[in-house]
Amino acid sequence: MKKIDNLYKHLFVLLLSSIIIISCDQNDDEDFPDPTYAAPVVELSDNGAELGVGQFINITVGLKGSVALTTFQIKDGNTVLEQFVFPENSGAYDDNPNTDGNQDFPFLFRVPADWLGTTRNLEFSLNDRLGNTKIETFSITVSEIVPQYTIEDVTIDGQAYKEISGIVNFNETLTSDNLYLINGFVEVSQQTTLMIEAGTTIYGKDAKSRLNINEFGTITADGTLENPIVFTSFETAQGQSGNPDNGDWSGIQINGSGAGDNSGIFRYVRVEYGGSDNDTFQLSNVGDQTIIEYVQVFKSLDNAFRVNEGNVNLRYIVATDSEDAGVRFDDGWMGNGQFWVVNTTTTSTAIEGRDQSNTVLSNITITGIGFNDTPSPPDGDGIRIRNEAKARIYNTIVTGVDRSIRFSDGSEAFTTTGENVFRNSASFNNDSDGGTGFHSSADLFNPTDGDYDPVNNNSIDPFTITDSYVGVSTANSRAAGGLSSFFEDVNYIGAVPVNNDWTLGWTLNMDGSLRE
């Protein structure tokens, strides 16, 4: 009987334990509910605009999702303007929609004629696989384009000018029989062309004056050797001080829409005394259909030439006496350059490449302060490639500087991979490394160093250069035409041959006189 009682006791304990376990499981389920997911997120870089027919809506849409996204649509009423269907196996765009892990979707759309006189509310909708939807609205009012600029007749100290101010949003032509004055920040709007006749002179009124060609705008500044277009300081005008200086006005910026973009023509143009608050001549995200050639930047306070992004090519350019870099390229510029001159009496860097740019350059002449300002010693950098930028450089002369060629901040790693090259070039009468100028990061290219690779075929033997940059050598050059279809097939080191001085007639000497 006692055995049976003990058996019942054991059964009771087991039953009670089961109840407790089940109860605990139920409590656990209550403590840990089914997971929930945040709705997708749509972020617009702008929420609205007032535009005219033919102009562009140009915004960036940030997309986020906690789970896999299915579709993204942009609609005008019932009309789908653009649609993207995500692959079935795509994951979440962002594990946490509240972070900055956007996937950017660019939206570029030209306003059609039948939108004139209306206000449209475009819907940007994003859906995920759980059926969640997020909609953001972009409002656009479409009206007739009205002038947002003025060109006024003004007389200053007895001289007549056409003074330009505001946003140029109609096609305009500046003619050579007038003198023009840029007053403040003057913009050329999208879908607008500013044409400048050969022989035209444009003055920057003061340090705040700048000409900015907006994205999808165009400039056609097509001068000639005999009649270059000149942008200059107002101090050079009749009745003014006659003592212009670096930074008297700001300069010019052309903004493109990326590789392959055509922002116009800038040819046989001289830009003088700019750089007050920015680079004197800046090319931002400009494509290789744009023509930039025969351009001199003379006495800039900031960088003379600045190239950001894009793949625009530059040929026949001269940077004279800039207080910052003669040419600086960065932000992933992928263009090419040939026939560049940088000559200076300052200790600034002649050419500086940064930020994962990747370029090929040929036929460059750099003369530094030690060459142009005797008895000043050689100083400054000739070429510095840094921040993981890459440059293959051929047929180049560097003289009168401290360090002729230097790689740093990650770029030195590419000297042994063939992605950074200094080859078929000459470096002499510099300060570093016994006058050769080679930095320790460039030992591979230095004929006097034990790590020199003879395939680079460089020279440290001086040869004659006159007028700051005229003179070439064929001793160890290579035919430039083999580099790519962009390059003219010349076979000499340097930018300006004695028998083909392409700088004559339109550029200025270092003392400000015309090269004749």
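The values are calculated or read from the model by the stated rules, or taken from the named source; none is laboratory data. Being a predicted model, the structure only gives us computed values, none of them experimental. All Cβ positions, glycine included, derive from the backbone under ideal geometry; neighbour counts span all protein chains shown. When the accessible area is computed, the model is the full protein with side chains, heavy atoms only, and any ligands, DNA or RNA have been set aside. Shrake-Rupley method; radii C 1.70, N 1.55, O 1.52, S 1.80 Å.
Under 1.5 on a/c is rounded, so check that first for region 268-327, then, if it is not, pick prolate when a/b is larger than b/c and oblate when it is not; a ≥ b ≥ c are the square roots of the alpha carbon gyration tensor eigenvalues. Note, shape of region 268-327 comes out oblate.
What percentage of all Cα-Cα pairs in region 306-407 are separated by more than 15 Å?
Working: 2880 of 5151 pairs.
I get 56 percent for the Cα pairs in region 306-407 exceeding 15 Å.
All Cα-Cα separations within region 472-516 were binned at 5 Å from zero, giving a P(r) of 5, 20, 20, 19, 14, 13, 8, 1, each value a whole percent of the pairs. Remark: the chain carries a charge dipole of roughly 860 debye about the Cα centre, counting +1 on each Lys and Arg Cβ and -1 on each Asp and Glu Cβ. With a Förster radius of 30 Å applied to the beta-carbon distance between SER176 and ASP467, the computed FRET efficiency rounds to 0.60. The shape of the chain comes out oblate: with a ≥ b ≥ c from the C-alpha gyration tensor, a/c is at least 1.5 while a/b does not beat b/c. For the pair region 447-501 and region 154-221, the centres of their Cα atoms are 39 angstrom apart. In terms of the mean number of neighbouring beta-carbon atoms within 10 Å, the peptides 419-431, 141-153, 64-76 order highest first as 419-431, 64-76, 141-153. Under the simplified labelling scheme, the SER484-GLU419 pair shows an inter-label distance of 1.6 nm, with each label point 7 Å from Cα along Cα→Cβ. For region 196-335, the Cα gyration tensor yields ellipsoid semi-axes of 23, 16, 13 Å (square root of five times each eigenvalue, largest first, whole Å). When the Cα positions of SER139, SER404, THR70 are compared along the charge dipole of the chain, THR70 comes out farthest toward the positive end, with charges on each C-beta of Lys, Arg, Asp and Glu. Surface exposure of the chain, expressed per residue as accessible area with a 1.4 Å probe, stands at 44 Å². Close amide H pairs (under 5 Å, H built 1.01 Å from N) link ASN458 with ASN424, SER425, residues at least 5 positions away or on another chain.
Please compute, over every Cα-Cα pair in region 194-256, the percentage with a separation greater than 14 angstrom. Before the final figure, lay out the partial values.
Values: 1203 of 1953 pairs.
Tail of the P(r) past 14 Å holds 62 percent of the pairs.
Straightening the chain between ASP449 and THR150 buys 101.5 nm, computed as 0.36 nm per residue apart minus the Cα-Cα spacing.
Rounded, prolate or oblate, given the Cα gyration tensor of region 365-423, with a/c below 1.5 counting as rounded? The shape class here is prolate.
Surface composition of the chain: carbon and sulfur make up 45 percent of the accessible area, probe 1.4 Å.
Heavy-atom accessible area, probed at 1.4 angstrom with all protein chains present, ranks VAL455, VAL269, VAL490 as VAL455, VAL490, VAL269, highest first. Size descriptor for region 382-509, Kirkwood hydrodynamic radius: 15.2 Å (Cα pairs only, one decimal). Over the chain, dividing the summed -39,500 (n - 2.57) contributions of all DSSP H runs of at least 4 residues by the number of residues returns a 222 nm mean residue ellipticity of -2000 deg cm²/dmol.
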